[in-house]
């Protein structure tokens with residue numbers, strides 16, 4: 001067989017734009033070359049995917065961390081810049097509750113924690129009214145936010161429980177402890193916090209009764225009515241969600257519903 005001049009020319013000097021033929025290296029050379037090229041492409045694609053998804057994973061992790069902090073009231077251990085926090089705690093074995101703590105920030109947001117001394121206690125977020133928040137921080141300012149304050153009467157009185165008042169702001173922290181005090185400003189501040197704690201404890205008991213002991217609701221609601229009559233509760237509107245659940249649910253005793261409706265008329269939206 002005789003090669004044509006065109007074919008011979010193509011073999012010795014390819015025209016422009018035509019790729020030369022590679023010498024054959026055995027029957028497996030072609031597939032091996034394809035496998036190597038495919039591996040290289042796979043490595044490049046994998047690297048690209050890692051580089052592209054790394055920022056996405058970082059953003060997701062940041063969002064998850066932020067969501068976790070928002071759901072956990074204890075995630076923030078100190079008030080934010082430009083804010084301040086007041087905290088009141090009382091510890092007295094045998095009382096109900098034996099221990100409680102109320103913390104509030106200058107924007108009214110806060111946390112309540114109550115229960116027995118030797119138990120794991122759930123921390124529940126709360127939001128106080130602007131009026132109550134202003135009163136709390138105003139009273140604290142009257143005693144210089146507890147700087148160098150000696151509030152205890154140092155008199156021989158019964159154990160009324162260890163009380164602690166704490167002020168935190170922008171890295172500074174002032175704290176005072178006492179069993180009994182005769183200072184009016186400190187007593188007024190303590191009474192406000194005690195009133196908030198009374199409401200939060202009532203919410204705790206109502207929520208438990210709604211789930212596990214509905215027959216106890218009439219008595220609990222009567223106790224709330226009495227406390228309201230004696231002005232022992234501060235920001236009682238914090239009870240509204242629980243009261244509405246009782247007043248509108250037919251599975252609860254009629255007496256419980258009537259008392260819940262009465263309390264709502266006194267503390268709920270649209271009250272006189």
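The values are calculated or read from the model by the stated rules, or taken from the named source; none is laboratory data. These numbers were taken from a predicted model, which means no experiment stands behind them. Methodologically, a virtual Cβ is constructed for each residue, glycine included, from the backbone with ideal geometry; neighbour enumeration extends over all protein chains shown.
Values computed for the structure shown
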{"read-out": "Residues satisfying the stated conditions in segment 229-261, i.e. buried (at least 17 other Cβ atoms within 10 Å of the Cβ) and not in a helix (DSSP H, G or I)", "value": "233, 234, 235, 252"}
{"read-out": "Count - residues of segment 149-190 that are surrounded by 13 or more Cβ atoms within 10 Å (Cβ to Cβ), modelled with pLDDT under 95 and farther than 25 Å from residue 94 by Cα", "value": "1"}
{"read-out": "Some residue of segment 142-157 being over 20 Å from residue 108 (Cα atoms), assigned to a strand (DSSP E or B) and out of contact with any helix residue (DSSP H, G or I) (no Cβ under 9 Å at 6 or more places or on another chain)", "value": "no"}
{"read-out": "Verdict on residue 177 being in contact with a strand residue (DSSP E or B) (Cβ under 9 Å, 6 or more places away or on another chain), free of Cβ contacts under 8 Å to residues at least 40 places away in the same chain and within 18 Å of residue 204 (Cβ to Cβ)", "value": "no"}
{"read-out": "Residue tally, condition under 23 Å from the mean Cα position of the chain (by Cα), exposed (fewer than 15 other Cβ atoms within 10 Å of the Cβ) and more than 15 Å from residue 196 (Cβ to Cβ), over segment 119-148", "value": "3"}
{"read-out": "Hey, residue 159 touching a residue at least 40 places away in the same chain (Cβ under 8 Å), more than 29 Å from the chain's Cα centre (by Cα) and closer than 25 Å to residue 101 by Cβ or not", "value": "yes"}
{"read-out": "Residue count, segment 60-118 (criterion: under 18 Å from residue 175 (Cα atoms), modelled with pLDDT under 95 and not in a loop (DSSP other than H, G, I, E, B))", "value": "0"}
{"read-out": "Residue identified as free of Cβ contacts under 8 Å to residues at least 60 places away in the same chain and surrounded by 13 or more Cβ atoms within 10 Å (Cβ to Cβ) among 110, 114, 94", "value": "110"}
{"read-out": "Residue in segment 207-226 that is under 26 Å from residue 111 (Cα atoms) and touching a strand residue (DSSP E or B) at 6+ places or on another chain (Cβ under 8 Å) present", "value": "no"}
{"read-out": "Those residues of segment 113-127 which are farther than 16 Å from residue 208 by Cβ and in contact with a helix residue (DSSP H, G or I) (Cβ under 7 Å, 6 or more places away or on another chain), in sequence order", "value": "126"}
{"read-out": "Only one of 222, 206, 264, 217 that is touching a helix residue (DSSP H, G or I) at 6+ places or on another chain (Cβ under 8 Å), surrounded by fewer than 16 Cβ atoms within 10 Å (Cβ to Cβ) and over 29 Å from residue 143 (Cα atoms)", "value": "222"}
